[in-house]
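A short write-up of the structure that comes next.
The values are calculated or read from the model by the stated rules, or taken from the named source; none is laboratory data. No experiment lies behind these values; they were computed from the predicted model shown. Using ideal geometry, Cβ is built from the backbone for each residue, glycine included, and neighbour counts are taken over all protein chains shown.
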Amino acid sequence: MLNVENLSFSYGRGKRKKEVFRHFSLTLEQGHTYGLLGKNGVGKSTLLYLMSGLLTPREGRVTYQGLDVRGRLPETLSSLFLVPEEFELPPLSLNEYVKLNSGFYPRFSYEDLTGYLRLFELEPDLQLGSLSMGQKKKVYMSLAFAANTSLLLMDEPTNGLDIPGKSQFRRLVASGVTEGRTVLISTHQVRDIDRVLDHVLIVDNSRVLLNRSVEEICARFAFRESDDRRLAAQAFYALPSPQGNSLMLPNDGCQETEINLELLFGATLAMPEEVEKKFINR
């Protein structure tokens, strides 16, 4: 569905040039909800802007449904929506804003928008200029899902949301994901999204360290909280926790488990080759 092919990108020029990607490749399949994880400065936000055609790579290209996104063609722009981490909304009513922008998205649904706003306990008769930053984010994410594009890119969507807002966001994703839609969520707040993903991407230094489904991951690793030292000795990877240790244990595929993205992320950065071997040697 979306292909990142041999991508190289830098900010600046000459001695001040900062290389972000070198010969980076990645494929997103249709109908999945991806979590994009990586350290600060690894280029997650940059990657989303390259995927949406807002930045130009030095080498390589990004194609979406077979078309180069840098062409900014109507058939591409009407099929993808980017929710950046920071944005501004004009001092208009929500109804005015929808009238100005909904025509760019053939599948936009005002009925869906109303439903998504209610998930956030908001009503449609809003004045955008009077909203707090957290409220603006809730409105913009509701607009993004109501556009019903086949690709939705979200950069740190839970930043600025309070605890109830983060719970509402998870319900938004759960209700807004459809069979034909691909959602890519880039975040550092892994506990905000671990229950809504079905696929995990971990990137570092222009490499895709992990690109696996949650089902595959949980078939090969079990995630537990325990103060049992004997169990800790069997762990593939562990982190201290209030319960003793958060443990990432080998799984024979028979243990039911929920994913712990923090543990998985730490293990993958610390020993990427060993993690990948667990998927190959089956």
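Is it the case that the range 112-123 has a residue that's of a type outside the set (D, E, K, R), within 27 Å of Gln65 (Cα to Cα) and free of Cβ contacts under 8 Å to residues at least 60 places away in the same chain? Within the range 112-123, one or more residues are of a type outside the set (D, E, K, R), within 27 Å of Gln65 (Cα to Cα) and free of Cβ contacts under 8 Å to residues at least 60 places away in the same chain. The residues of the range 174-199 that are of a type in the set (Val, Ile, Thr) and either in contact with an Asp or Glu (Cβ under 9 Å, 6 or more places away or on another chain) or surrounded by fewer than 22 Cβ atoms within 10 Å (Cβ to Cβ) (or both), listed by number, are Val177, Thr178, Thr182, Ile185, Thr187, Val190, Val196.
Looking only at residues in the range 65-91 that are in a loop (DSSP other than H, G, I, E, B) and hydrophobic (A, V, I, L, M, F, W, C), which one is nearest to Gln127 (Cα to Cα)?
Leu89
Just one of (1) touching a residue at least 60 places away in the same chain (Cβ under 8 Å); (2) surrounded by 16 or more Cβ atoms within 10 Å (Cβ to Cβ) fails for Leu7. It is (1). Of all residues in the range 240-282, those satisfying the criterion of being farther than 14 Å from Arg224 by Cα and of a type in the set (Val, Ile, Thr) are Thr268, Val275, Ile280. Please identify the pairs in which a residue from the range 25-52 that is closer than 18 Å to Asp194 by Cβ and polar (S, T, N, Q) has its Cβ atom under 7 Å from the Cβ atom of a residue that is modelled with pLDDT of 95 or more and surrounded by 17 or more Cβ atoms within 10 Å (Cβ to Cβ), counting only partners at least 6 apart or on another chain. That search, which allows pairs on different chains as well, returns Thr33/Val183; Thr33/His199. Residues satisfying the criterion are absent from the range 61-83 (criterion: under 27 Å from Ala174 (Cβ atoms), loosely packed, with under 14 Cβ neighbours inside 10 Å and not acidic (Asp, Glu)). Kindly indicate whether any position in the range 235-249 is surrounded by 12 or more Cβ atoms within 10 Å (Cβ to Cβ), outside the structural domain of Gly38 (by TED's automatic domain parsing), modelled with pLDDT under 90 and of a type in the set (S, T, N, Q). The answer is yes; a qualifying residue exists.
Listed by position, the strands (runs of 3 or more DSSP E) enclosed by the range 134-212 that each have at least 1 residues that are among the acidic types (Asp, Glu) and touching a residue at least 40 places away in the same chain (Cβ under 8 Å) are 151-155, 199-204.
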